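Have a look at the structure that comes next, please.
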Amino acid sequence: MTSYRIAVLPGDGIGKEVVPEGIRVLEAAGRRFDIKFRWDTFPWSCENYKRAGRMMPEDGIDQLRKNDAIFLGAVGFPGVPDHVSLWGLLIPIRRQMQQYINLRPVRMLKGMVSPLRGRGPADIDFLVVRENNEGEYSEIGGRIYSGTEAEIVVQETIFTRKGVDRVLRYAFELAGKRDSKHVTSATKSNGIIHTMTYWDERFAAIAREYPDIRTDQYHIDILTAHFVLHPDWFDLVVGSNLFGDILSDLGPAIAGAIGIAPSANINPTREYPSMFEPVHGSAPDIAGQGIANPIGQIWSGAMMLDHLGHPEAALAVEEAIETVLESTSLRTPDMGGTATTVELGAAIAEAL
Ligand code: NAI
Ligand code: MG
């Protein structure tokens, strides 16, 4: 039997409701595939911030480091500004643990209904590879003449050769393992003339190392339109931190629901634990009602199993999700049903 220590960060809002369902399904997978988990839960959240003045303790990263992986719900809640919760927890974890890849599958599951007319599971199946450590999300910048008519605000984007090349190379390596061997780059080099022309230049350079892989690139504006009009064009889309973030909410929306989308924050060198979390946030508008869709969290658990070296268990979790969607009418309200978070989670665990 293999055994893992998992740090659990339920966070805020619906994070606290969907994480237990993720654990329920992972425990079921563990029973079937002989994998044991030790769950260590950390109450780091906006509530914690209000009490302690910090999102996580000063030695938070050291505490997390001892684990094999991190299983996160979502952070953010009204009363604490979103940039405080994000920069106080999620971004430090992603950066200090060198989780420089954010992998976000966009796949229309069997049994889901797409808001796009006439589209089915065969049309929507691709990966978004988002740069996760630098780019547009930087602390560099500031304000001068605050509060006056002369106010000036500057926000810098950081692209490093190392950071850009490693995400592009990761994308090409991953595309090489997929049938269609095709990488699409998200750019905006017409408007953003320094960083995005650099991105294009490095994309072309790295592409030359992978002559078997077909490439194309689109400016982000038309790319969002193509996601809606031609989702079947894509197999793997690589983008900067901001573009990858935007595309990975749009992708799941066309695949049927934002609440189903999983993500993995990966440290490819495995020097640090990687972190698995749904794409969605803490959804304060529905928090506390027990009706959040747990599939994004459960599917993130499948990605964690895959990362830990159990692809067969990961596949079984994905199949269990599809079995429930195909063979039952259990749906949370965001998918047009009346099921609760617990009912859907329990049904998926049962199917497994
Ligand atoms: P959100 O993803 O929390 O919610 C957007 C909309 O989708 C809401 O109407 C919500 O009810 C719905 N939704 C999201 N997940 C759902 C689920 N599993 N089941 C059913 N419906 C679901 O994004 P929003 O509103 O922009 O952000 C809310 C808070 O979450 C903010 O504090 C934000 O900073 C934070 N956030 C945190 C993230 C993280 O921890 N990784 C990611 C995105 C946002
Ligand atoms: Mg996002």
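The values are calculated or read from the model by the stated rules, or taken from the named source; none is laboratory data. Remember, predicted model here, so these are calculated numbers, not experimental data. Note: ideal-geometry Cβ built from the backbone for every residue, glycine included; neighbour counts use all protein chains shown. For the accessible areas, the whole protein counts, side chains as well, though only heavy atoms, and no ligand, DNA or RNA atoms are used. Shrake-Rupley method; radii C 1.70, N 1.55, O 1.52, S 1.80 Å.
Evaluated at 37 °C with a viscosity of 0.692 mPa s, what Stokes-Einstein diffusion coefficient in µm²/s does the stretch 21-103 have when Rh comes from the Kirkwood expression over alpha-carbon pairs?
The calculation lands on 228 µm²/s.
Within 10 Å, count the other beta carbons around each residue, average over each peptide in 132-140, 189-197, 11-19, 45-53, and list them highest first.
Final packing ranking: 11-19, 132-140, 45-53, 189-197.
Hey, another quick one. Going by amide H atoms built from the backbone, whose H comes under 5 Å of the H on Val237, apart from near neighbours?
Leu127, Val128, Val129, Thr184
State to the nearest 20 debye the size of the charge dipole of the stretch 114-255 about its Cα centre, where the only charges are +1 on K and R beta carbons and -1 on D and E beta carbons.
So the dipole magnitude of the stretch 114-255 works out to roughly 360 debye.
Leaving out same-chain residues fewer than 8 places away, which lysines sit with a Cα under 19 Å from that of Lys50?
Lys16
Cross-link partners among lysines for Lys110, C-alpha distance below 25 Å, same-chain residues fewer than 8 apart left out?
The qualifying lysines are Lys177, Lys181.
For the stretch 220-342, just list the percent of Cα-Cα distances falling in each 5 Å bin from zero outward, please.
2, 10, 16, 21, 20, 18, 11, 3, 0
Next up: Keeping all protein chains in place, calculate the accessible area per residue for the stretch 216-293 (probe 1.4 angstrom), answer in Å².
Ligands and nucleic acids excluded, the result is 33 Å² per residue.
Using the crude model of +1 on Lys and Arg Cβ and -1 on Asp and Glu Cβ, and no other charge, please compute the dipole size for the chain relative to its Cα centre, in debye to 20.
Roughly 520 debye, rounded to the nearest 20.
Further question: Just report the Cα centroid separation between the stretch 149-196 and the stretch 243-288, whole Å.
19 Å
Apply the Debye scattering formula to the chain, with a single equal point scatterer on each alpha-carbon and no solvent, then give log10 I(q)/I(0) at q = 0.08, 0.12, 0.14 Å⁻¹.
-0.38, -0.89, -1.22
With n ≥ 4 as the cut-off for DSSP H runs, can you work out [θ] at 222 nm for the chain, using -39500 (n - 2.57) per run divided by the number of residues, rounded to the nearest 500?
It comes out at -12000 deg cm²/dmol, rounded to the nearest 500.
For the chain, what relative contact order do you get, as a whole percent, if you take Cα pairs closer than 8 Å and at least 6 residues apart?
It rounds to 23 percent for the chain.
Right, next: How big is the dipole moment of the stretch 103-174 about its Cα centre under a simple scheme where the beta carbon of each Lys and Arg is +1, that of each Asp and Glu is -1, and everything else is neutral? Debye, nearest 20, please.
The calculation lands at about 560 debye.
Sorted from largest down, give the three principal axis spans of the alpha carbons of the stretch 114-255, whole angstrom values.
On the principal axes, the stretch 114-255 reaches 55, 38, 23 Å in Cα extent.
In the chain, what percent of the accessible surface is made up of carbon and sulfur (1.4 Å probe, ligands and nucleic acids excluded)?
Carbon and sulfur together cover 52 percent of it.
Continuing with the same structure: Run the numbers on the stretch 114-255 and let me know its relative contact order in percent, using alpha-carbon pairs under 8 Å that are six or more apart.
38 percent
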